[in-house]
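Report on the following structure.
The values are calculated or read from the model by the stated rules, or taken from the named source; none is laboratory data. As the structure is a prediction and not an experimental result, all values here were calculated from the model. Virtual Cβ from ideal backbone geometry, glycine too; neighbours counted across all protein chains shown. With ligands, DNA and RNA removed, areas are computed over all heavy atoms of the protein, side chains included. Shrake-Rupley method; radii C 1.70, N 1.55, O 1.52, S 1.80 Å.
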Amino acid sequence: MAKFQSLKDAVAENLFDGDVAAFEGFTHLIPHAAAHEAIRQGRKDLTLVRMTPDVIYDQMIGMGMVKKAIFSYAGNPGVGLLRRLRDAVENQWPHPMEIEEHSHAAMANAYEAGASGLPCAVFRGYKGADLKKVNPNIREVTCPFTGEVLAAVPSVRPDVTFIHAQKANKRGDVLVEGIIGIQKEAVLAAKRSVVTVEEVVDNFDDVHPNACILPNWAVTAICEVPGGSHPSYAHGYYIRDNAAYLEWDKIASDRDGFKAWMKDNVLDATPEDFASRVSALRESK
Amino acid sequence: MELDFTRDEMMTIAASRALGNEDICFVGIGAPSAACNVARLTHAPDITLIYESGTIGTAPDVLPLSIGDGELCDTAVTTVSVPEMFRYWLQGGRITIGFLGAAQLDKFGNINTTVIGDYDAPKTRLPGGGGAPEIASSCGEIFITMKQSLRGMVDKIDFFTSFGHGEGGNAREELGMTTKGPTLLITDLAIWHPDPVTKEFTVIALHPGVTRDMVQETCGWKVKFADNLETTPEPTELELATLRDLNARTKAAHSGAGA
């Protein structure tokens, strides 16, 4: 049964040094507040999984929390490269980091396999692609019925998944709307899950019968953190802060500037600060 | 020769003309996204545009900054999960055209968006493939658009992120692929088609005001030109106005918080 608690407690009880952790969000509903709490709590030696590691992974990598990253597209969406990730891969700063790189199709299938309780995912992919030469976890299986050679990758089974969503009801069911990305699979693939939400409402009586809902018994913890995905967005609540993504490119370009920004905006901040960060973005919706 | 349009505008408009109402197009961000939306706003209003965030049949008023901007979902016929996108719609063979950009491209349409230099000790670590490896193999055919440069159009790419025609000829069939692969390259200077046998990209039309030398000087391989080289028709007033309005709306929307 999902437990309503503070983000601080939820992170402390569910994320441990050395964990395989996913902070998912496919350009939408990215759990920034949860990642910032993990940074404040100083977790180490994490293996971070994410289809599209962006600003929060850049931040956790730059803060030295990450042993290994498993991903399919590591960029600042629409802006360019991730400068802290590049510094780690190209210059081993702040320390060397292992990478396991896939395609989106592989990661999406691997999460789905994880959610399905399967050991691996099978799909038609990686044909002629060099990733299979550099990633030993990309292998092949032959279809026993047709003989077709297909790609296989291990399923993703995080110790813990963090996502942001629009709403929970008082029972602890979670509603995800808009670009749902990989949110559902990432939660169901994980041993534990922490969901930050924009608001807690009485019930979901007015929700469409086919809506994407995670029942309360499939979620470990729920934390009400309004604005908790800023500068990403929450469909129906506030829009994406594109200027902040552009700004990140400058902040992350310099090690000292990065550290100063992290102190002011993350280490010395709280989950409650997120609400004010989206106030101007709500108005224009 | 004085032109009243830029080379970038010509590139986008030439690329938009390659798309039709019947197409189901998987759209890459950047130049492909601009071209696909100009097509939708001019001659192909019924084109189906799909972004990998799961938005199917989207019709954004401004160009998205990322493949998952909220407006893509707001204007879509339906929005599906990412696994569904890649399994049912892409792998299922329902997408006719994949429209990609490239950091590095070779003459056979192979694309690198992963690393410059050695994979384990890269000179520049790029974002990686994202959806491209399977877009390149699962879409009916692939269109590519990019600005020409010696850094971008190279004799040998550093990493095969997505497979075009390999070393040419029947390379795709030999890997068991049944899709056509790259069938069109639109740069800021020219339109290129693969040679029917060798699959090497060959210039079939130069954009207005462009010379063969200009194409060669910004391309890292020895360029082949078709015997009967054509000139790309200039942008029409409607095409230019549509593109400029789209760019102006996009700039206004992305420049400030609360956009």
For A:Asp45, are the conditions met, namely being under 24 Å from A:Ala189 (Cα atoms), without any contact (Cβ under 8 Å) to a residue 60 or more places away in the chain and of a type in the set (Asp, Glu)?
yes
Taking the options A:Leu267, A:Leu281, A:Leu246, A:Leu214, name whichever one is under 24 Å from B:Val80 (Cα atoms) and either surrounded by 20 or more Cβ atoms within 10 Å (Cβ to Cβ) or in contact (Cβ under 8 Å) with a residue 12 or more places away in the chain (or both).
A:Leu214
Based on what the data block shows, is B:Thr96 out of contact with any helix residue (DSSP H, G or I) (no Cβ under 7 Å at 6 or more places or on another chain) and open to solvent by 10 Å² or more (accessible area, probe 1.4 Å)?
yes
Looking at (1) of a type in the set (Ser, Thr, Tyr); (2) part of a loop (DSSP other than H, G, I, E, B); (3) open to solvent by less than 30 Å² (accessible area, probe 1.4 Å), which is the only condition B:Ser137 fails?
(2)
Return yes or no: is A:Tyr111 touching a Pro at 6+ places or on another chain (Cβ under 8 Å), at pLDDT 95 or above, of a type in the set (Ser, Thr, Tyr) and part of a helix (DSSP H, G or I)?
yes
Tell me whether segment B:145-159 contains one or more residues that are within 14 Å of another protein chain (Cβ to nearest Cβ), assigned to a loop (DSSP other than H, G, I, E, B), out of contact with any strand residue (DSSP E or B) (no Cβ under 7 Å at 6 or more places or on another chain) and at pLDDT 95 or above.
yes
Based on what the data block shows, is A:Pro231 at the interface with chain B (Cβ under 10 Å from one of its Cβ atoms), part of a loop (DSSP other than H, G, I, E, B) and within 26 Å of A:Leu85 (Cβ to Cβ)?
yes
Which condition from (1) in a loop (DSSP other than H, G, I, E, B); (2) more than 16 Å from A:Val160 (Cβ to Cβ) is the one that A:Asp87 breaks?
(1)
May I ask you to list the residues in segment A:93-119 that are out of contact with any strand residue (DSSP E or B) (no Cβ under 7 Å at 6 or more places or on another chain), surrounded by 22 or more Cβ atoms within 10 Å (Cβ to Cβ) and not hydroxyl-bearing (Ser, Thr, Tyr)?
A:His104, A:Met107, A:Ala108, A:Gly114
Regarding segment A:236-243, can at least one residue be identified that is farther than 18 Å from A:Ala34 by Cβ, open to solvent by 50 Å² or more (accessible area, probe 1.4 Å), without any contact (Cβ under 8 Å) to a residue 60 or more places away in the chain and in contact with a helix residue (DSSP H, G or I) (Cβ under 8 Å, 6 or more places away or on another chain)?
no
Looking only at segment A:175-197, filter to residues that are within 14 Å of chain B (Cβ to nearest Cβ) and farther than 18 Å from A:Ala115 by Cα; which one of those is surrounded by the most Cβ atoms within 10 Å (Cβ to Cβ)?
A:Ile179
Name the single residue, out of those in segment B:33-57 being more than 13 Å from chain A (Cβ to nearest Cβ) and either small (Gly, Ala, Ser) or under 11 Å from the mean Cα position of the chain (by Cα) (or both), that is surrounded by the fewest Cβ atoms within 10 Å (Cβ to Cβ).
B:Gly57
Using the structure shown, decide if B:Lys123 is of a type in the set (Lys, Arg), open to solvent by 10 Å² or more (accessible area, probe 1.4 Å) and part of a loop (DSSP other than H, G, I, E, B).
no
Suppose we filter A:Tyr57, A:Tyr73 for residues that are aromatic (Phe, Trp, Tyr) and open to solvent by 10 Å² or more (accessible area, probe 1.4 Å); which single one remains?
A:Tyr73
